1. Residue by residue through the stretch 427-435, what is 3J(HN,Hα) from phi via Karplus (6.51 cos²θ - 1.76 cosθ + 1.60, θ = phi - 60°)? Round to whole Hz and write x for glycine and proline.
2. What ranking of 574, 30 comes out by heavy-atom accessible area, probe 1.4 Å, highest first?
3. Relative to the present Cα-Cα distance, how much length would full extension add between residue 509 and residue 472 at 0.36 nm per residue of separation?
4. Report the net charge of residues surrounding residue 664, where surrounding means a beta-carbon distance below 11 angstrom and charges are Lys +1, Arg +1, Asp -1, Glu -1.
5. Obtain the nm distance between the two label points defined at residue 209 and residue 253 by a simple spin-label model: each point lies 7 Å from its Cα along the Cα-to-C-beta direction.
6. From the cross-link list 497/733; 497/530; 578/733; 371/530; 199/309, which pairs have alpha carbons spaced over 30 Å apart?
7. May I ask for the net charge around residue 354, where only other residues with Cβ less than 14 Å from the Cβ of residue 354 are counted and Lys, Arg are +1 while Asp, Glu are -1?
8. Give me a comma-separated list of calculated 3J(HN,Hα) values for the stretch 183-190, in order, Karplus coefficients 6.51, -1.76, 1.60 applied at θ = phi - 60°, integers in Hz, x for any Gly or Pro.
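The values are calculated or read from the model by the stated rules, or taken from the named source; none is laboratory data. Model, not experiment: these values are computed from the prediction. Note: ideal-geometry Cβ built from the backbone for every residue, glycine included; neighbour counts use all protein chains shown. We work out accessible area using only protein heavy atoms, side chains counted, and drop any ligands, DNA or RNA first. Shrake-Rupley method; radii C 1.70, N 1.55, O 1.52, S 1.80 Å.
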Amino acid sequence: RLGADPTHDPEVGPKVGGYNGCGRTRALAYEAPIGWRGLPERLEILVGDEPADVLHRLLVLKHGRPLEDYRNLADLICYFATHQAPGSLGPGHRWTAPFAGPNADPNATLRAGWGLSREDGKEPLGGDPTGDANRSTEFEARGWWPFLACRRRRFVVQRVPVGGAAGGVVGEIEVLEGQEVADAVYAFAHTHGLPAATKRQALLHVCEQRTSLGLPPCTRDLALLVNAHHLRKEPMGSVGSGASVASSPLLVWENEDPADAIHAWCINMGVGEARRDELINLVCDGALFFNGVGDTSGGLGSGLPIKCKRRRPIILNIPLSNEHGQPLGLFSLLAGEEPADAALAFASRNNVGPNFRRALLDTLCHNLAYKLTCTRTRAYILKSPLEAHAGYAGPWHADKDYPGCYPYDLEIWEDEEPADAVFRFCRTRVPGGCPLAHRQRSLFLLCNDPNLGLRCGRPIPALFELSPVLDEKGGSKGSVVVLEGERAADALLAYLKDSKLAQVFKHPNLRRRLFHRLCSAAAEAFEEEKAQEEKALNLAGPFSGAGGGGTVASLIDCSVEVPRLVAVSVELTYMGIKSHLRYFFPDAHPDPLYPAHVEWSRGASDNGPQARLGTSSGLSRGASKGGWRQCVPLPSGLEPLGEEEEAAVARYGYDQATVDATNRTWLQGFGPDSTQGGPGSEETRPRALPTEAATGCLGPTRRAAFYFCSRLEPPPQNCIRDIHAGLLSHLMKDDNSRWIKAGPVGIDYYQMLRCPNDAPLPEVEARMVAVGREVAGLVS
């Protein structure tokens, strides 16, 4: 045991109690008798020795044995070192080596994965387990495999130093016995990241030196990455009467994409797609030799390093030209790729119009010579794995090139907003949903990746979209989009104003009709989604949407039919994505930005609510005639607003027709407790406006800023402070503009009244009375 007695000098080894010291300073990693053919000698490989060099010195240089004996034994020992479990080869284990007999078949070597078996009662490693003396010789071996490592399987015949651009030596190119120079140079260039020009110069230089060294000349200038013989045509584990073997070896050169080379070989050999995909994965994982299907290096090791850019081969290449006959290049279609997706990608790269794309897709889908199956005409602009969030426990993506990713691909349609696609993915494909920060971080990374070229219009996803909306003549008027954190009624009113459909005399009762259509369509979408999820669960397919953050129906708030006007809309741009922070005055209903609320009850001094955070989006009251208030706790490190700022929020952050800004109270009939403190109620005392210092909760304006900042990932420095200051500034300007002549018509009285254009007469009259009180207060 290393360090058992530190008084012993490993070099000198003093005699202690009859102990004659150390015979050597390195431990034995492998030993075996090699006493065949009159060689009464024991093979010993010490820790740190390269087995190929030890065998070459012993067999070839010392005893003059043929190179074939040395190669076969090197293959066997290195196979053991790679495949056996630690300590599995111990004293008394007998092995059949298919190279040792006097009449050994030189073709029956481990290069084909043949003829190696254990004769200690355990299962053979594969191939022919016979003990025929004409093919094998039994011998006992002992080894400790954790300390036996084969960096290479052949001895070095040529070493050439390679200099770096900044001076010094980058390393040495080692050419092994029997190895092509092109393969050795490729491996060195791959390891050290040499550019193509430097690699070419190194190849020429090494080949020139071989003549003076008496070595065989170079026969090729391309590296052979895969040279696999005796490959079976059927997938591993397939059931059948017998496995057929391909008549030609699989060759993959360095200037080929492995997937395309394997695909071409499979077509020539009549190999099916399942076996093709299996071979692609084996080659790209560097596991072709280690799975017993052929040595990729001709006995020179585990094969040259292979880098696969993709694991799907190109199954179709078509040269295309535009309408003027100018060549556009090759249209390529990958195995398993939808033609609609490939057509969109080609049209986008070459800046051709929709007519060209439709014609291309029609040709692909209806030309029988291509033998393609088209399942849709709508294309994905992105279909890619998405990195999982921290703490996610699986399952994981099946593609080994994407470790740590969710099991399903993120899919973005060509006409879809990326924020909506990411939101849908997290809701329906991730159990429990994605954390908000991870969802938004993923979105901003996708939108700012120049290689993807996504067009991102907003960072906040849509919960539902009603499309198309048609006018009386059947013309399209766009679509109604309900964003996360919006009420359906508010989103619909904003759509009508933007589409110039809010004129009550021209479009009577349109808002109410569209509101019911919007909510009905959302309910139908929920039922359809529920049926699809139930079917998927029965088939053990995609995850349940309910487990991923809620369904369409539960996310859209249709409980409030009366809309609120947008007080202000602040345009903001962050990391290239433009968005609008739309602020609505608080009213008697829960804020859809944060459906959580707190119950509260009045104490002896009525100093404020006794907060208890809840999760319901409905109204909840305490037993002692309390009320409810929403609460977003003050984030850590954020101080509550001061007295001056609270006064500004009371003056500009609320609808002045519903509050007494001077006394900072709700007017009777308004506010969260309006059902208890309204006219005729036993409760007549005015309810104070909540302050951040008293409640520990964010006020309405900072709550809106906090919500918006939580959608920016990573959030900018001082986000809440800066956006809140900008929001208050816009609210002040809007309050002043209400009373100023707007355009040739004059004052916009509906805007002044904070009243929708199509509001019924009683609502307009009530708003006129409320604004009259506001004007009187301002005058006084």
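1. Per residue, the Karplus-derived 3J(HN,Hα) values read 7, 10, 10, 10, x, x, x, 8, x Hz.
2. Descending accessible area places them as 574, 30.
3. Details: separation 37, 0.36 × 37 = 13.32 nm, distance 1.32 nm.
12.0 nm is the gain from fully extending residue 509 to residue 472.
4. -1
5. 2.6 nm
6. 497/530; 371/530
7. Value of the local net charge: -1.
8. Along the stretch 183-190, the couplings run 5, 5, 5, 4, 4, 5, 5, 5 Hz.
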